[in-house]
1. Within the range 39-50, identify whether any single residue is touching a residue at least 12 places away in the same chain (Cβ under 8 Å), polar (S, T, N, Q) and in contact with a helix residue (DSSP H, G or I) (Cβ under 8 Å, 6 or more places away or on another chain), and answer yes or no.
2. Quick one: which residue in T33, T57, T65 is of a type in the set (S, T, Y) and touching a residue at least 40 places away in the same chain (Cβ under 8 Å)?
3. How many residues are assigned to a helix (DSSP H, G or I) and surrounded by 15 or more Cβ atoms within 10 Å (Cβ to Cβ) if we restrict to the range 46-69?
4. Given A82, A87, A105, which one is more than 14 Å from the chain's Cα centre (by Cα) and within 21 Å of V31 (Cβ to Cβ)?
5. Out of V20, V72, V24, report the one residue that is closer than 22 Å to L136 by Cα, surrounded by 11 or more Cβ atoms within 10 Å (Cβ to Cβ) and in contact with a His (Cβ under 6 Å, 6 or more places away or on another chain).
6. Those residues that are of a type in the set (K, R) and over 13 Å from the mean Cα position of the chain (by Cα), I need them from the range 108-129; list them, please.
7. Out of all the residues in the range 102-109, is one or more at pLDDT 95 or above and over 27 Å from V13 (Cα atoms)?
Amino acid sequence: MTSPQSRLAGAAVEDWRRFVRENVELLHFSVVTLMEVRFGIERLRLRGANRQAADLTKWLLIAETIHSERLVPVSAEVAHKAGAMLARAVSLGFAPSAEDAFIAASAAHHGMRLVSRNSRHMTALGIDCIDPFENLPG
């Protein structure tokens, strides 16, 4: 899903939005992504961008509601896997975030295909990743 704050446009973005609308029941949403978006909302509020924060809050509530049965949690097993994946990526000279590692480890743990615009870090973490603006999931 692309948020109301997204300034991305073009055919690839519209193709992705259409794919999401037509396949929403197949898509899962990481609780780590919820945290990342909430962090962005709170930063907007601190800067006084209350309208943007309100728009993004509404979008997040809708996304969380739509995916409520498909929210992917972080378990102890996922945390261990994320730590190992992160150490491997750092040893190869990459610097993905802990959030990236949690998302990648969650997908790997649950046997899910990861869709992310951050394919560089996800690949470094050892997970197959689809950039939805380059290729839609098959």
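1. Just the residues of the range 39-50 that are touching a residue at least 12 places away in the same chain (Cβ under 8 Å), to begin with: 40-41, 44.
With the extra rule that they be polar (S, T, N, Q), the set shrinks to none.
No, the range 39-50 contains no residue that is touching a residue at least 12 places away in the same chain (Cβ under 8 Å), polar (S, T, N, Q) and in contact with a helix residue (DSSP H, G or I) (Cβ under 8 Å, 6 or more places away or on another chain).
2. Working: T57 fails: touching a residue at least 40 places away in the same chain (Cβ under 8 Å); T65 fails: touching a residue at least 40 places away in the same chain (Cβ under 8 Å).
Sole residue among the options that is of a type in the set (S, T, Y) and touching a residue at least 40 places away in the same chain (Cβ under 8 Å): T33.
3. Here the count works out to 10.
4. Values: A87 fails: within 21 Å of V31 (Cβ to Cβ); A105 fails: more than 14 Å from the chain's Cα centre (by Cα).
After applying the criteria, what remains is A82.
5. On the way: V20 fails: in contact with a His (Cβ under 6 Å, 6 or more places away or on another chain); V24 fails: in contact with a His (Cβ under 6 Å, 6 or more places away or on another chain).
Only one candidate qualifies: V72.
6. The one that is of a type in the set (K, R) and over 13 Å from the mean Cα position of the chain (by Cα): R120.
7. Filtering the range 102-109 down to residues at pLDDT 95 or above leaves 102-109.
Narrowing the set further to residues that are over 27 Å from V13 (Cα atoms) leaves 109.
Yes, the conditions are met somewhere in the range 102-109.
The values are calculated or read from the model by the stated rules, or taken from the named source; none is laboratory data. Note that this is a predicted model, so its numbers are computed, not measured. Neighbour counts run over all protein chains shown; Cβ positions are idealised from the backbone, glycine included.
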